[in-house]
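The structure appears right after this line, and notes come after that.
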């Protein structure tokens, strides 16, 4: 992959990013594109993305275009042009085009394999800038910079520390000054990729079967760069269950047969077709909205800052927005002539002001939507089913539009 030439920064900073997920790599790339010296530290020995795929909505794709990866992402992703809701037995509830939304915001959505997206970001940042198998335990800031402390006894100095170590972040509580516990949202999600087949769902339609507070979804996600060039669907099953239920890969198919007995034929065909070895089973958690995402010389980013339920499809997109806003704020402050320490302080203030309310609102909306879809209040869930039967797409598109246009790139 060719890399765009980095502009000359007025002052090149040393930026240390903890975490090589989508948020951390997006931030690393954004700072690199501005000419800063970036090192990414990741605790795992090898990158193995959790989850089959991700729905990148236009606000996230726009960031990828600004970082020079948009064409690659669009090539690897699925061409999703319609959305359908069906009852659990297969009767249509609503079916509408997504084109008016994409035309209005100037960008289509790009459902894509997580592995393909993360590898694209990894290659763009460059393996020489990423250290795997190192765990950051702590950090300390002073007037001259910030020092990260590692489990192997090593230390590393930087001008700016970006904490992007995911929803289980070890460093989040230190930054905010109190313990931050993950909250169970109330359901379990099984997700997997399968080869596309019109017998399961139309090639360009995002199909969702709903009923009994459960959901089955099939979304076109392109080839993801698979060796055979085969088009695939991103598929998931949602079931409201108590926290801590057994996770036994040998029973995935049997579990889902039980949970979805009596559902439509494509749902049963999907259950018989998926490969359990490619499936992930996740208890869905989020974290409460935070009052601040920064400390002196330190920024919290991505799932570490705003782990959210996936019910709005915005987790990865918000991490990308974080990366763009933070790097842009630093660059703007430097271009205004501020000294590095002052520029970082100004940028972190701007980042907090731009991101805290936006991501907090999306976390809260995602939790409310998860409750509605998954039967927290059965009356509300059945009312939603009734609304879908009379929905022409306008209300759903309006909700998607609200989230997309509220981003930094419109």
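The values are calculated or read from the model by the stated rules, or taken from the named source; none is laboratory data. Worth saying up front: this structure is predicted, and the values here are computed from it rather than measured. Cβ placement follows ideal geometry from the backbone for every residue including glycine, while neighbour counts extend to all protein chains displayed.
Observations
- Complete set of residues in the stretch 305-338 that are assigned to a loop (DSSP other than H, G, I, E, B) and under 18 Å from residue 288 (Cα atoms): 307, 308, 309, 313, 314
- Count of the stretch 95-140 residues which are farther than 21 Å from residue 194 by Cβ and modelled with pLDDT under 95: 0
- Checked against the criteria, residue 92 does not count as out of contact with any strand residue (DSSP E or B) (no Cβ under 8 Å at 6 or more places or on another chain), modelled with pLDDT of 95 or more and surrounded by fewer than 20 Cβ atoms within 10 Å (Cβ to Cβ).
- Checking each residue in the stretch 21-37 for being surrounded by 24 or more Cβ atoms within 10 Å (Cβ to Cβ) and over 14 Å from the mean Cα position of the chain (by Cα) picks out 28, 29, 30, 31.
- First in the stretch 250-278 and under 15 Å from residue 239 (Cβ atoms), second anywhere and at pLDDT below 95 and assigned to a helix (DSSP H, G or I), Cβ under 8 Å, 6 or more apart: 252/276; 253/276
- Counted residues, the stretch 214-248 - those being closer than 17 Å to residue 197 by Cβ and assigned to a loop (DSSP other than H, G, I, E, B): 9
- Enumeration of residues in the stretch 215-239 that are closer than 25 Å to residue 387 by Cβ and either without any contact (Cβ under 8 Å) to a residue 40 or more places away in the chain or surrounded by fewer than 20 Cβ atoms within 10 Å (Cβ to Cβ) (or both): 217
- Pair list, Cβ under 6 Å, 6 or more apart: the stretch 59-78 residue without any contact (Cβ under 8 Å) to a residue 24 or more places away in the chain, other residue crowded, with 17+ Cβ neighbours inside 10 Å and assigned to a helix (DSSP H, G or I): 70/64
- Considering the stretch 113-169, the qualifying strands (runs of 3 or more DSSP E), each wholly inside and each with 2 or more residues that are without any contact (Cβ under 8 Å) to a residue 60 or more places away in the chain and exposed (fewer than 15 other Cβ atoms within 10 Å of the Cβ), run over 136-142.
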